[in-house]
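First comes the structure, then the notes that go with it.
The values are calculated or read from the model by the stated rules, or taken from the named source; none is laboratory data. Because the structure is predicted, anything quoted here is derived from the model rather than measured. Note that we place each Cβ from the backbone using ideal geometry, even for glycine, and neighbour counts take in every protein chain shown.
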Amino acid sequence: MFRKRGSRQVVSMDLHETVLRALVRPREDGADWTLYEAAVPAGYVEEDMIKDEMGFISWMKEQVSAWGIKREEVRYFVPDSAVMMKAFDHPDDVTSEGLKGYVQMELGRSIQLPFENPLLDVYDPVEGDKKATLFAAPAEEVMRFANILDDAGLDPTVADIRALSSIRYFTKRNYLKHEKSYLLVEWLMTGAVVTIFRDGLVEFLRYQPFEREMGTYKASEDGDDIRFTFSGDENDYRSQLVDQVTELERMMTFYRFSIHKGDIAVDEIISFGESPQLDYIDELLRDNPSFPQITTIRDEDVAKFYTGFGTSDVSLVGLALKGDVNESGN
C-alpha cells in the first residue's frame with residue numbers, strides 16, 4: 001500500500017500470534033532465497049495485533065541481528081482484521097491512473113468507509129469497464145507496525161494485503177484460469193482469510209477470526225525447527241472448523257445468487273496455510289457434496305517451485321514476488 005527506496009536485498013515478513021517468518025530475497029537473479037522463523041513469545045501478539053509493543057521491539061531487535069537483516073528493506077502484511085474491500089463503479093472518463101484521486105474525492109459521499117484517515121489501494125483489472133475495487137485499512141494500524149519495524153532496525157517499504165499476495169503466488173504458478181471463479185482460503189491458527197477471485201478481480205474478501213475460548217496454538221523453538229502445541233480441547237477447536245467450512249458454503253451461495261444473480265458460481269476451492277489441521281479441513285471440504293473441485297496445497301506443492309518453503313509460506317512468497325524484484329522464482 002506504500003513503498004520507498006531500494007537496497008541489495010528485500011525482506012518479506014509475516015507476523016502471527018505464534019510465529020514470525022522472514023523471507024530474504026537477494027535482488028540478483030538466480031540467488032537463493034532464505035527463510036527464517038522464530039517463535040513469538042507469549043503475550044506479545046494477539047491474533048494479528050501487537051499487544052506488548054516495547055517487549056516486541058526488544059525481541060524483534062534480537063531477530064534482526066541474528067538474521068543479519070539490519071536496515072534492509074522490509075515488506076509486511078496489513079493486519080488481516082483491519083482490511084476491508086469495496087467494489088465501486090466510476091465514470092467512464094476516469095482513467096486507471098486517476099482512480100485513487102477519484103476515490104479520495106468521493107470518500108464520505110458515494111464511497112463510505114467505517115474509519116477515518118484510510119490508506120488506499122485501488123485495482124482496475126479491466127480498464128474501461130467503469131468498475132474497480134478499493135482496498136482500505138486504517139492508516140494508524142498500518143503505520144504503527146511500520147514504526148515498530150523501523151524501531152527494530154528495519155526499513156519498512158511496502159505494506160501489502162495477504163489475500164493479494166496469495167493471488168500473486170497462484171497467478172505466478174498458473175493455478176488460476178480464465179473465466180473460472182476461485183475461492184481461496186488461507187487457514188491461519190487464529191482465523192481464516194477467504195477470497196473469491198475471477199479474471200483479475202477480487203470479488204469477495206473476508207477475515208474470519210476463530211474463538212480463542214475454543215483453544216489456541218503455542219509455538220516453541222526446537223533447534224532450527226518451530227514446534228506447535230495445542231492448548232485446549234481439540235474437539236472444541238475442530239468444531240469451529242466445521243462451522244467455518246459451513247460458513248464457506250454460505251459465502252459461495254451469497255457470491256452466486258446475490259453478487260451474480262445465479263449466473264456465476266465458484267468453480268474451485270483452493271485451501272492452504274499454516275494450520276496444523278489442514279488435513280482435517282481437507283476432509284471436511286471433500287465431505288461436502290455441494291462443494292466444487294477441492295485443491296489443498298501441500299508443502300511439496302510449494303517446495304517443487306521454492307525449495308525449503310511450504311504451504312504456510314504461500315502468501316509470504318507472494319509478497320516477495322511483488323512488483324519491483326524479478327519474479328522468476330528461486
Just checking, how many residues over the stretch 162-220 are of a type in the set (Ser, Thr, Tyr) and in a loop (DSSP other than H, G, I, E, B)?
2
Hey, any hits in the stretch 43-63 for a residue that's over 21 Å from the mean Cα position of the chain (by Cα), modelled with pLDDT of 95 or more and of a type in the set (Lys, Arg)?
yes
Within the set of pairs 6+ apart or on separate chains, which have a first residue in the stretch 143-159 that is of a type in the set (A, V, I, L, M), a second that is in a helix (DSSP H, G or I) and at pLDDT below 95, and C-beta atoms under 6 Å apart?
Ala159/Val142
Among the residues of the stretch 122-151 satisfying the criterion of being among the acidic types (Asp, Glu) and under 17 Å from Ser81 (Cβ atoms), which is surrounded by the fewest Cβ atoms within 10 Å (Cβ to Cβ)?
Glu140
Quick one: which of Glu28, Glu53 is surrounded by fewer than 20 Cβ atoms within 10 Å (Cβ to Cβ), over 30 Å from Lys131 (Cβ atoms) and either in contact with a helix residue (DSSP H, G or I) (Cβ under 7 Å, 6 or more places away or on another chain) or touching a residue at least 12 places away in the same chain (Cβ under 8 Å) (or both)?
Glu53
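Can you confirm whether Gly215 is surrounded by fewer than 21 Cβ atoms within 10 Å (Cβ to Cβ), out of contact with any helix residue (DSSP H, G or I) (no Cβ under 6 Å at 6 or more places or on another chain), among the small types (Gly, Ala, Ser) and on the phi > 0 side of the Ramachandran plot? Even if it seems obvious, please write down each step before you answer.
Working: surrounded by fewer than 21 Cβ atoms within 10 Å (Cβ to Cβ): yes; out of contact with any helix residue (DSSP H, G or I) (no Cβ under 6 Å at 6 or more places or on another chain): no; among the small types (Gly, Ala, Ser): yes; on the phi > 0 side of the Ramachandran plot: yes.
So Gly215 does not fit the description; no.
Filter the stretch 45-79 down to residues that are of a type in the set (D, E, K, R) and either part of a helix (DSSP H, G or I) or touching a His at 6+ places or on another chain (Cβ under 8 Å) (or both) and give me whichever is nearest to Thr190 (Cα to Cα). Walk me through how you get there before you give the answer.
Taking the stretch 45-79 first, the residues of a type in the set (D, E, K, R) are 46-48, 51-53, 61-62, 70-73, 75.
Imposing the further condition that a residue be either part of a helix (DSSP H, G or I) or touching a His at 6+ places or on another chain (Cβ under 8 Å) (or both) reduces the set to 48, 53, 61-62.
On the way: Asp48: 8, Glu53: 20, Lys61: 25, Glu62: 25 Å.
So, considering only residues that are of a type in the set (D, E, K, R) and either part of a helix (DSSP H, G or I) or touching a His at 6+ places or on another chain (Cβ under 8 Å) (or both), the one nearest to Thr190 (Cα to Cα) is Asp48.
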Given the options Thr253, Thr171, Thr229, name the one that is farther than 24 Å from Asp313 by Cβ and either surrounded by fewer than 20 Cβ atoms within 10 Å (Cβ to Cβ) or over 22 Å from the mean Cα position of the chain (by Cα) (or both).
Thr253
